[in-house]
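All remarks here apply to the structure that follows.
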Amino acid sequence: MIIETLTNLFIKTAYADTGFNTTVGGAKNDIIGTIALPSGIPSDISKTGDFITVIIRFIIIIGGLFTLWQFLSGGLTFITSGGDKTKVQEAGNKITMSLIGLVIMAASFIIIAIISKLLFGDFTAILIPKFKSVTP
């Protein structure tokens with residue numbers, strides 16, 4: 001729905017006559033010329049969705065590992081506190097904050113899925129995007 005509309009708009013805008021092409025005596029005079037892609041940049045944008053998916057997974061894995069680290073260090077601080085109230089409170093705060101972070105990460109997936117379903121009609125449209133190739 002929205003993706004198709006934006007894609008069509010982009011294609012029409014990208015290939016619109018911008019006024020740089022002039023016609024002189026019936027022959028088209030292209031002032032700008034054709035700009036080729038630099039080497040190493042794929043011309044097919046369908047690979048971009050895979051790249052975005054890998055980045056999202058990487059960020060979630062790093063967030064999960066950080067949460068695990070905070071949870072374990074809070075538990076270790078709690079065990080080694082020796083009854084010291086400030087260390088027990090510090091450990092409790094660390095454990096609580098790590099669990100809140102885990103809940104926020106999980107809730108972000110749910111919120112993104114709901115927004116994706118409302119806007120694009122598919123739960124995975126934002127998390128696993130599928131781009132169409134633009135061909136002239």
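The values are calculated or read from the model by the stated rules, or taken from the named source; none is laboratory data. Since the structure is predicted, the reported quantities are computational estimates derived from the model, not experimental observations. Don't worry about glycine lacking a Cβ; one is built from the backbone with ideal geometry, like all the others, and counts go over all protein chains shown.
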* **Selected residue [part of a helix (DSSP H, G or I), under 28 Å from the mean Cα position of the chain (by Cα) and modelled with pLDDT under 75] from D44, D50** => D50
* What is the residue count in the range 109-126 for residues that are assigned to a helix (DSSP H, G or I), touching a residue at least 60 places away in the same chain (Cβ under 8 Å) and touching a Leu at 6+ places or on another chain (Cβ under 8 Å)? -> 0
* To do: Please enumerate the residues belonging to the range 59-110 that are under 28 Å from F123 (Cα atoms) and of a type in the set (D, E, K, R).
  => none
* Asked: Of the residues A91, A113, A125, which single one is modelled with pLDDT of 85 or more, surrounded by 14 or more Cβ atoms within 10 Å (Cβ to Cβ) and either under 24 Å from D50 (Cβ atoms) or touching a strand residue (DSSP E or B) at 6+ places or on another chain (Cβ under 9 Å) (or both)?
  -> A113
* What are the residues in the range 76-108 that are of a type outside the set (D, E, K, R) and either in contact (Cβ under 8 Å) with a residue 24 or more places away in the chain or not in a helix (DSSP H, G or I) (or both), if any? -> T80, S81, G82, G83, I95, M97, S98, L99, G101, L102, M105
